[in-house]
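Input: a single structure, listed below in structure tokens.
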Amino acid sequence: MTQEDIIRDIRVRCRQAMNGIVSTSMRKWGLDYKVNFGLTIQQIKDVSKRYSPDASLAETLWIENTRELKIMGTLLYPVDKYQEETADKWVQEITNQEIREQICFNLLQELPYAENLSMKWSKNQTSSIRTTGYWLLSRLMLLKKSKDILPESLPYVWEDVLSEDASLRNAALLILKHIGRLSEDTAETIMQKISEFQKSEDILKQEIYNSLNFEFGYFFDN
């Protein structure tokens, strides 16, 4: 099949499995795409297995503003063909948290230079790029594919953990949790940094303090 035939075939299979209720629900939660067939992630993976990994096909799927096709682009791009320049381009085109998580799970965390990307993006001045950087770094730390780092390596993290942007705030909080798990001393350093949050009148600051305090207490006590 030509690339055009493959994309047409993908669209037909997605349409056949379409779930309008899920699609509508996603829109209500802010996951807005030009086209959203409402397939589950497992269904998307099952459809993608019918096609051979191909960089050109993946590039074409990625630029589509169709949820299922965009995610398939992250599944069908051969890891050994994915260049850092492409990663730097794609990270600017991530439109929502779902796509951010999928590209990290399906592609970015498998790259041999993933740690360099995560650190570079975590220091970027653009908040959406930092969000992806934190997410990728959290994945790498979870998979033990990253060296130990300190909060000081992430210049925006203390500002970002208080951001009004929920995706950025949650990503910053997540990476602080992973960094704090490295040692009790590191966890204590983080808690000292936000000690004033404990008695703050700001509910968000209290939530951040309580979340990290619970995380480290549970992690080191078990």
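The values are calculated or read from the model by the stated rules, or taken from the named source; none is laboratory data. Note that this is a predicted model, so its numbers are computed, not measured. Note that we place each Cβ from the backbone using ideal geometry, even for glycine, and neighbour counts take in every protein chain shown.
Figures for the structure shown
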| item | result |
| --- | --- |
| Of the criteria (1) modelled with pLDDT of 95 or more; (2) within 12 Å of the chain's Cα centre (by Cα), which one Thr95 fails | (1) |
| Condition check for Phe219: farther than 27 Å from Ile99 by Cα, in a helix (DSSP H, G or I) and out of contact with any Phe, Trp or Tyr (no Cβ under 7 Å at 6 or more places or on another chain) | yes |
| Some residue of segment 198-206 being outside any helix (DSSP H, G or I), more than 18 Å from the chain's Cα centre (by Cα) and small (Gly, Ala, Ser) | yes |
| Segment 146-165, residues that are of a type outside the set (Lys, Arg) and part of a loop (DSSP other than H, G, I, E, B) | Ser146, Asp148, Ile149, Leu150, Leu154, Pro155, Tyr156, Val161, Leu162, Ser163, Glu164, Asp165 |
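Yes/no matrix, rows are residues, columns are (1) outside the structural domain of Gly38 (by TED's automatic domain parsing); (2) more than 20 Å from Ala171 (Cα to Cα); (3) crowded, with 17+ Cβ neighbours inside 10 Å:
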site	(1), (2), (3)
Trp62	no, yes, yes
Thr66	no, yes, yes
Leu69	no, yes, yes
Gly73	no, yes, yes
Asp88	yes, no, no
Cys104	yes, no, yes
